[in-house]
Each structure stands twice: as C-alpha cells, then as structure tokens.
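Engineer: Next up is a structure, given as structure tokens.
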Amino acid sequence: MFRIPGATTELRIDHKRWSDGIGLIVKTNSTPGPVVWRIVSRSGLVLDGRILTIEPADPKWMYLKRRAPSPEIYLVLNLPPPGRVKTNSLSRELEIDDVWPFVDRGAPPVPGTRLYYGFLTVERPRRPNVMLLRDGAVVYGYKIRVVRIDNPVALVDRIENVFDKCKEIALADPDLRHLVSTR
C-alpha cells in the first residue's frame, strides 16, 4: 500500500506520540515532493473499517495535502466470505479500466444476515463512479452490490451505520433479501 519508488516506509505505533493512530515513517534519497504527494494522496482510504487520515509532519508540505484529490469510496455487499477468496484476487476480479480498487473487507458478516461486506477505495479514477459498473456483477459466484459513499466519515463513524446501510441495500434487492433475517 505504501511502496514508493525511491523511498523506504515503516509503519509504527507510538502511543506517546500518536495517541489515536499510527505513524508512517518515510525515508527518501530522491526529491521529497513527489514522495510526499504519493503518501498524502492515500489520505481518505478505508483501512480496517476506518478512514485513513494522512498529514505531513513538516508543515511545508501541507499544501500538497490540500491539493490531493479525495479517493472514491464504495460499500460493496455480498462478498465471498474471508478465506474463500484472497483479497488480492478479489481486487483483481473487481478491476475495471486498469483501475484496481483497494479492498478492505469486513471480517464478520453483517449481524442478522449471511452477508459479508467491504469497502473499495479508488484513487484518481479515469472516470467518476467507475466501480458502479460492478454493481450487480457476479464475483466468484456471489452477486455483489456496489454503492458509492458520498460521506464515508459519517458512515464509518459507527459500525451500526455500516450494518444498517448493508441491510438497506440487501432488503432492496430481491436476490439478496432472503439473506437478511427479519426477526
């Protein structure tokens, strides 16, 4: 995720310095501007069900953060269960127009259902809403639903918001409705 030509990266958890997050330490021998740009462009990615926020430690690079485009975030429903299909294979299967989404899978199914969900993050797509072309596709034998999330911060703020949205999508789809318990 953070392989950058001309730089080495290291993730660190330092609770004394970063009380609510992790640190990404980057060392580069090349011009730092392009490296900083590449890293801050990952801000907004969904990782472990949370929005990743990246800010440069050096204030002189903050202008790059302000210029970086926000990624497109999608909620995808009815994924194959974890362990049945590797996440990298799933990302390749969802590729469209040479765009491979970053797939962040929710591990347990949505409570009260047999539905697995995840998030797709697309950086700088060639056209807007590109992943919506996968809505309704059959992936590894599972009909998936893909919905673009306009306010991902509000959605992932509480996991119940995600579960409610997943149930709403499933109940509106005749092929998935039976996977939701209505008790």
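The values are calculated or read from the model by the stated rules, or taken from the named source; none is laboratory data. It should be emphasised that the depicted structure is a prediction, and the values quoted were computed from it without experimental measurement. So basically every Cβ, Gly included, is an ideal-geometry build from the backbone, and we count neighbours across all protein chains shown.
Engineer: Residues of the range 46-91 being touching an Asp or Glu at 6+ places or on another chain (Cβ under 8 Å) and without any contact (Cβ under 8 Å) to a residue 12 or more places away in the chain, which ones?
Structural biologist: Within the range 46-91, M62 is the sole residue that qualifies.
Engineer: Still on this model: Counting just the residues of the range 40-98 that are at positive phi and surrounded by 17 or more Cβ atoms within 10 Å (Cβ to Cβ), which one comes out farthest from the chain's Cα centre (by Cα)? Talk me through it step by step, then tell me what you get.
Structural biologist: In the first step, residues of the range 40-98 are kept if they are at positive phi; the result is 44, 48-49, 78, 83, 97-98.
Restricting the remaining residues to those that are surrounded by 17 or more Cβ atoms within 10 Å (Cβ to Cβ) gives 44, 78.
Numbers: G44: 8, N78: 16 Å.
Of everything passing the filter in the range 40-98, N78 is farthest from the chain's Cα centre (by Cα).
Engineer: In addition: Among the residues of the range 160-177, are any under 17 Å from E72 (Cα atoms), crowded, with 18+ Cβ neighbours inside 10 Å and of a type outside the set (F, W, Y)?
Structural biologist: Going through the range 160-177, the residues under 17 Å from E72 (Cα atoms) turn out to be 162.
Now narrow it down to the ones that are crowded, with 18+ Cβ neighbours inside 10 Å: 162.
Checking which are of a type outside the set (F, W, Y) leaves us with 162.
Yes: one or more hits.
Engineer: Counting just the residues of the range 133-175 that are assigned to a loop (DSSP other than H, G, I, E, B) and out of contact with any Lys or Arg (no Cβ under 8 Å at 6 or more places or on another chain), which one comes out nearest to T87 (Cα to Cα)?
Structural biologist: Initial filter on the range 133-175 (assigned to a loop (DSSP other than H, G, I, E, B)): 135-137, 140-141, 144, 150-151, 157-158, 172-175.
From what is left, the residues that are out of contact with any Lys or Arg (no Cβ under 8 Å at 6 or more places or on another chain) are 141, 150-151, 157-158, 172, 174.
Details: G141: 15, D150: 24, N151: 24, D157: 24, R158: 24, A172: 26, P174: 27 Å.
The residue in question is G141.
Engineer: Could you pull out the residue among V36, V76, V40 that is touching a Leu at 6+ places or on another chain (Cβ under 8 Å) and either assigned by TED's automatic domain parsing to the domain that holds R105 or modelled with pLDDT of 85 or more (or both)? Give the derivation first.
Structural biologist: On the way: V36 fails: either assigned by TED's automatic domain parsing to the domain that holds R105 or modelled with pLDDT of 85 or more (or both); V40 fails: either assigned by TED's automatic domain parsing to the domain that holds R105 or modelled with pLDDT of 85 or more (or both).
Answer to the check: V76.
Engineer: Can you tell me which residues in the range 99-110 are of a type outside the set (F, W, Y) and either surrounded by 14 or more Cβ atoms within 10 Å (Cβ to Cβ) or at pLDDT 95 or above (or both)?
Structural biologist: V99, P101, V103, D104, R105, G106, P109, V110
Engineer: Applying the selection to the range 113-139, what residues are touching a Ser or Thr at 6+ places or on another chain (Cβ under 8 Å) and either surrounded by fewer than 14 Cβ atoms within 10 Å (Cβ to Cβ) or not assigned by TED's automatic domain parsing to the domain that holds P174 (or both)?
Structural biologist: Going residue by residue through the range 113-139, those that are touching a Ser or Thr at 6+ places or on another chain (Cβ under 8 Å) are 113, 123-124.
Across the range 113-139, the qualifying residue is only R124.
Engineer: Here's another thing I want to ask about it. Just checking, which of V162, V110 is farther than 21 Å from S70 by Cβ and not charged (D, E, K, R)?
Structural biologist: Working: V162 fails: farther than 21 Å from S70 by Cβ.
Step by step, each of V162, V110 is checked, and only V110 is farther than 21 Å from S70 by Cβ and not charged (D, E, K, R).
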